[in-house]
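Notes follow the structure.
The values are calculated or read from the model by the stated rules, or taken from the named source; none is laboratory data. Because the structure is predicted, anything quoted here is derived from the model rather than measured. Cβ placement follows ideal geometry from the backbone for every residue including glycine, while neighbour counts extend to all protein chains displayed. For accessibility, only protein heavy atoms count, side chains too; no ligands or nucleic acids. Shrake-Rupley method; radii C 1.70, N 1.55, O 1.52, S 1.80 Å.
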Amino acid sequence: MNGSKTPGVLLRFRDLVTEPGGNIEQHRRIIDELGFAWWGWWARSQETVPRPELANLLNSRRDFPVVLFDSGLMAFYLSRCSKIAVSPGEAGIASPDFRATPHYYVRGSYPAWFKLQSGIVSIDRSAFSVTGRPTISGPDTQKGDADPLEIESLRDERPTLWLIDCNGEA
């Protein structure tokens, strides 16, 4: 590992509409078949879309790392995002491409969709550090370099989207 850090996003989820691990497996199958899949961000009602932060990620590079955190299994997965579709308002939007979206998402509208471009692989918690919580307003929304969050804290905190730095060549 070379010490470099790559900015990205962590999306927290829990398999409540599929069997444990089903969400990841369904996205993997679509990526294997089509080369990409859309991941809908199931934000909490008190979260706002961090439009400037998401735009900065895409403006600064061709793609960026996305860590998917399954808070039920306490597992982390890594993929890469090449595009984000963001709702223009509060209501949310449907998937940009239904054939590249697991069926359980089809009837929903979500604040943002992330186009995952690469396979989804398991990673360890040490592969990234949290740099900010841009979806929740209030104190400590931007963390800077400190990263005191252990895996249980990530599970128990309210946000479902964090800014991160991935270690090495993520």
Evaluation of residue 96 against (1) open to solvent by 30 Å² or more (accessible area, probe 1.4 Å); (2) under 18 Å from residue 136 (Cα atoms); (3) assigned to a loop (DSSP other than H, G, I, E, B); (4) touching a strand residue (DSSP E or B) at 6+ places or on another chain (Cβ under 8 Å) (one fails), failing number
(2)
Checking the conditions here, which among 153, 126, 137 is part of a helix (DSSP H, G or I) and at pLDDT below 85?
153
Please pick out the residue among 73, 116 that is more than 16 Å from residue 7 (Cβ to Cβ), open to solvent by 50 Å² or more (accessible area, probe 1.4 Å) and among the aliphatic types (A, V, I, L, M).
73
Yes or no: residue 44 surrounded by fewer than 18 Cβ atoms within 10 Å (Cβ to Cβ), closer than 20 Å to residue 159 by Cα and in contact (Cβ under 8 Å) with a residue 60 or more places away in the chain?
yes
What tally of residues in segment 47-65 results from selecting those that are surrounded by 19 or more Cβ atoms within 10 Å (Cβ to Cβ) and β-branched (Val, Ile, Thr)?
1
Residue within segment 1-12 that is open to solvent by less than 30 Å² (accessible area, probe 1.4 Å), modelled with pLDDT of 90 or more, under 15 Å from residue 160 (Cβ atoms) and in a helix (DSSP H, G or I) present:
no
Among the residues of segment 122-133, is there at least one that is within 18 Å of residue 34 (Cβ to Cβ), open to solvent by less than 30 Å² (accessible area, probe 1.4 Å) and hydrophobic (A, V, I, L, M, F, W, C)?
no
Every residue from segment 13-30 that is at pLDDT 95 or above and touching a Gly at 6+ places or on another chain (Cβ under 6 Å)
none
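Select, from 110, 104, the only residue that is closer than 15 Å to residue 160 by Cβ and either open to solvent by 20 Å² or more (accessible area, probe 1.4 Å) or in contact with a Pro (Cβ under 7 Å, 6 or more places away or on another chain) (or both).
Among 110, 104, only 110 is closer than 15 Å to residue 160 by Cβ and either open to solvent by 20 Å² or more (accessible area, probe 1.4 Å) or in contact with a Pro (Cβ under 7 Å, 6 or more places away or on another chain) (or both).
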